[in-house]
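To keep things clear, I will list the structure first and then write my remarks on it.
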Amino acid sequence: MAQSKKIYMFDWDSSLDWVLAYDKKEAVEFYLNFTQCGDIDDCKITRIPKSKWKDSFIIDPDEPEPDGIEIFDGSLYSGGYKIIGNFEQFAEENNPPEFIATTEF
């Protein structure tokens, strides 16, 4: 039986990061190597239920929402930035372990 993909949120109080992994151990090892943060003693790690993946968006911080009352090209915006996908799409298109997103920008 194939392992199922999971998403873990790393909560540092001031910022959040998300990682796609097969289990928590893999997520933590990947996160420590990817971020080079040293340790995660002050970080709360939570698994995001698959039912919430489609409600969590990945945005492009380099593409803010246009000002004014223009007709947009059908792209959606969240928090003033262009949505480039959601966590469900990301999990379908990528193999673990992989860094998904951060609020640190």
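The values are calculated or read from the model by the stated rules, or taken from the named source; none is laboratory data. These figures come from a predicted structure and were not determined experimentally. Note that we place each Cβ from the backbone using ideal geometry, even for glycine, and neighbour counts take in every protein chain shown.
General remarks:
- Residues of region 28-57 that are modelled with pLDDT of 95 or more, hydrophobic (A, V, I, L, M, F, W, C) and closer than 21 Å to Gly85 by Cα: Ile48, Trp53.
- Any hit, region 78-88, residues being assigned to a helix (DSSP H, G or I) and within 17 Å of the chain's Cα centre (by Cα): yes
- Set side by side, the residues Asp62, Asp67 differ, and just one is assigned to a loop (DSSP other than H, G, I, E, B) and at pLDDT below 95, which is Asp67.
- Residues considered: Asn33, Asn95. Of these, the only one that is outside any helix (DSSP H, G or I) and over 12 Å from the mean Cα position of the chain (by Cα) is Asn95.
- Residue check for Phe10: touching a Ser or Thr at 6+ places or on another chain (Cβ under 6 Å) and either modelled with pLDDT under 95 or not acidic (Asp, Glu) (or both): no
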